[in-house]
Amino acid sequence: MNTKLVIREISLFLLTAIPVIYLLLNWSLLPERMPTHFDFDGDPNGYGSRLVYVLLPIGIYFLMIIVPFIDPRKKNYELFSDTYFKLRVILCIMIGAIDTMVIYNTLHGIEKMGLLMPLLVYLLFTLLGNYMGTIRPNYFVGIKVPWTLNNDAVWVQTHKFAGKLWFWGGLTGIASLFVIPKPEILMLIIIGLLVIVPIVYSYFIYQRIATHEE
């Protein structure tokens, strides 16, 4: 295996392990049940075992290693291998940031997360949008609907469109958190549009391409 690939894989694993190590070092100081879900105001509304903060980051790390090997279109991962690694890094950092903040807050008796959760959600859309256009057809990563999965041209056009939409939509959402007093409803609208619009777009692109092919 390429030495560069080994080094960056080890680096990603160490990055994944940081919040897990932080948790284990403070294991005896943490309650058995910790916040695992938060509402729009940053208040916890769901609790679970502290093991979640061990299993989730490690589980996602290994799952994303396995995915390219079990995908029927595994050869396409070679076409966007750099992007796939960057997506893994983004998810690792996002999950790590959330886990670390929850652990820190729990240790210091702080339950409210404030704007952190919606901020990270919008930031995730922005970062993913920056790379969406380079994702190639597969069955695990991207916008997987009948029209994109059945036509590679539809896949490419849809992901280029979605990439721009997610990038600017995420930035718009981030800005709204600091200028709108109660941004919850707007967040639902923005996320709804970011999810639904690319799907609708893929349908119309598919119909147009299918008509030309006939």
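For the range 10-33, taking the residues that are surrounded by 16 or more Cβ atoms within 10 Å (Cβ to Cβ) and not hydrophobic (A, V, I, L, M, F, W, C), the one that is farthest from T106 (Cα to Cα) is identified as T16.
Condition check ((1) assigned to a loop (DSSP other than H, G, I, E, B); (2) hydrophobic (A, V, I, L, M, F, W, C); (3) modelled with pLDDT under 95; (4) closer than 20 Å to L149 by Cα) across all residues:
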{"position": "V67", "(1), (2), (3), (4)": "no, yes, no, yes"}
{"position": "Y84", "(1), (2), (3), (4)": "no, no, no, yes"}
{"position": "R88", "(1), (2), (3), (4)": "no, no, no, no"}
{"position": "D99", "(1), (2), (3), (4)": "no, no, yes, no"}
{"position": "V102", "(1), (2), (3), (4)": "no, yes, yes, no"}
{"position": "T106", "(1), (2), (3), (4)": "no, no, yes, no"}
{"position": "K112", "(1), (2), (3), (4)": "yes, no, yes, no"}
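Looking at L5, L63, L51, just one residue is out of contact with any helix residue (DSSP H, G or I) (no Cβ under 6 Å at 6 or more places or on another chain) and at pLDDT below 90, and that residue is L5. As a summary of the residue check, P31 satisfies the conditions (1) free of Cβ contacts under 8 Å to residues at least 60 places away in the same chain; (2) not in a helix (DSSP H, G or I) except for the one numbered (1). Restricting attention to the range 34-48, the residues being of a type in the set (A, V, I, L, M, F, W, C) and either crowded, with 16+ Cβ neighbours inside 10 Å or assigned to a strand (DSSP E or B) (or both) number 2.
What are the residues in the range 179-214 that are among the acidic types (D, E) and either touching a Cys at 6+ places or on another chain (Cβ under 8 Å) or outside any loop (DSSP other than H, G, I, E, B) (or both), if any? Give the derivation first.
Pass one, the range 179-214, residues among the acidic types (D, E): 184, 213-214.
Selection gives E184, E213.
So that you can scan it fast, the table gives a plain yes or no per residue for (1) part of a helix (DSSP H, G or I); (2) charged (D, E, K, R); (3) surrounded by fewer than 17 Cβ atoms within 10 Å (Cβ to Cβ):
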residue: F125; (1), (2), (3): yes, no, no
residue: G133; (1), (2), (3): yes, no, no
residue: G142; (1), (2), (3): no, no, no
residue: T148; (1), (2), (3): yes, no, no
residue: W155; (1), (2), (3): yes, no, no
residue: L177; (1), (2), (3): yes, no, yes
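Applying the selection to the range 49-65, what residues are outside any helix (DSSP H, G or I) and in contact (Cβ under 8 Å) with a residue 24 or more places away in the chain? Within the range 49-65, R50 is the sole residue that qualifies.
The values are calculated or read from the model by the stated rules, or taken from the named source; none is laboratory data. Just so it is clear, the model here is predicted, and its values are computed rather than measured. Quick reminder, even Gly has a Cβ in these numbers, built from the backbone with ideal geometry, and neighbours come from all protein chains shown.
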